[in-house]
Amino acid sequence: MKDLLERHLLQHLGPPTEIYRQDAEGAPLLIEVRRYADRPRPRAVTYLTFGLHQEILPVKHGQLIRQELVFSHWDHNLGLDGPALLHGVAVELRRRGQALLQGQALMQAHWPGYRVDALYVTPPPYFPESFDLCAATVPPTMWVGLVPIDAAERDFLGQKGWSRFEDLLAERNPNLLDLGRPSIIAS
């Protein structure tokens, strides 16, 4: 299975720029995090987990899936430890034993200098649809995008639902790679 996923990643992203197997203090990570420069756009960076797929997670109605996490931003967005962020979410996901679903908002600590309140779960933005799912594994492996959202967007999501939030994203077309982007919710 690992070879199938490696091929899927090579086809869509090429080889990783870096692979993190230890945290900043040198302690081993439970789940590997990979960094891809200039993905999905030039001057952007993408981090993804690799190893979470070993867990088979229930979705709903008895369906099962494997998941890996994806987080992308402009490489000039400073002060963010992408590997630590993804690793923390992956460890919590493994602990809960439940798949992430599109439209969820995961609460996170605030990032200095950014108006981030939560991470929105959605297919990875700016990647082709063929990247989102590797059907060659059993059960399939889904790459899940985590998009930073602010408090107003999180509140809108909770009140109006993810379908309306997705409509608003399509209508306003914000730059989801920019951690300092303005909110899509009018103040």
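The values are calculated or read from the model by the stated rules, or taken from the named source; none is laboratory data. Nothing here was measured: the structure is a model prediction, and the numbers come from that model. Counting neighbours? That spans all protein chains shown, and the Cβs are built from the backbone with ideal geometry, glycine included.
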Which residues, counting only those in the range 84-116, are in a loop (DSSP other than H, G, I, E, B) and free of Cβ contacts under 8 Å to residues at least 60 places away in the same chain?
-> Gly97, Gln98, Ala99, Leu100, Leu101, Gln104, Gln108, Ala109, His110, Pro112
Which residues, counting only those in the range 45-67, are under 14 Å from Val147 (Cα atoms) and not β-branched (Val, Ile, Thr)?
-> Tyr47, Leu48
Among the residues of the range 97-106, is there at least one that is in contact with an Asp or Glu (Cβ under 7 Å, 6 or more places away or on another chain) and more than 17 Å from Leu179 (Cβ to Cβ)?
-> no
Flag for Val144 being of a type outside the set (Asp, Glu), under 19 Å from Leu48 (Cα atoms) and surrounded by fewer than 16 Cβ atoms within 10 Å (Cβ to Cβ) | no
Could you please give the count of residues in the range 117-130 that are under 13 Å from the mean Cα position of the chain (by Cα) and part of a helix (DSSP H, G or I)?
-> 0
Among residues of the range 24-80 being outside any strand (DSSP E or B) and either among the acidic types (Asp, Glu) or touching a His at 6+ places or on another chain (Cβ under 9 Å) (or both), the residue surrounded by the most Cβ atoms within 10 Å (Cβ to Cβ) is Arg39
Output the number of the condition that Leu157 fails; it satisfies all remaining conditions of (1) surrounded by 20 or more Cβ atoms within 10 Å (Cβ to Cβ); (2) out of contact with any Phe, Trp or Tyr (no Cβ under 6 Å at 6 or more places or on another chain); (3) assigned to a helix (DSSP H, G or I).
-> (2)
Scanning the range 144-186 residue by residue, those of a type in the set (A, V, I, L, M, F, W, C), more than 17 Å from the chain's Cα centre (by Cα) and farther than 11 Å from Tyr120 by Cα turn out to be Ala151, Ala152, Phe156, Leu168, Ala170, Ile184, Ile185, Ala186
Condition check for Asp23: among the acidic types (Asp, Glu), out of contact with any Pro (no Cβ under 9 Å at 6 or more places or on another chain) and modelled with pLDDT under 95 = no
Restricting attention to the range 106-115, does a residue exist that is in contact with a Gly (Cβ under 6 Å, 6 or more places away or on another chain), surrounded by fewer than 16 Cβ atoms within 10 Å (Cβ to Cβ) and closer than 22 Å to Val45 by Cβ?
-> yes
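Restrict the check to the range 98-113 and report whether at least one residue is over 22 Å from Arg154 (Cβ atoms), more than 13 Å from the chain's Cα centre (by Cα) and modelled with pLDDT under 90.
The answer is no; no qualifying residue exists.
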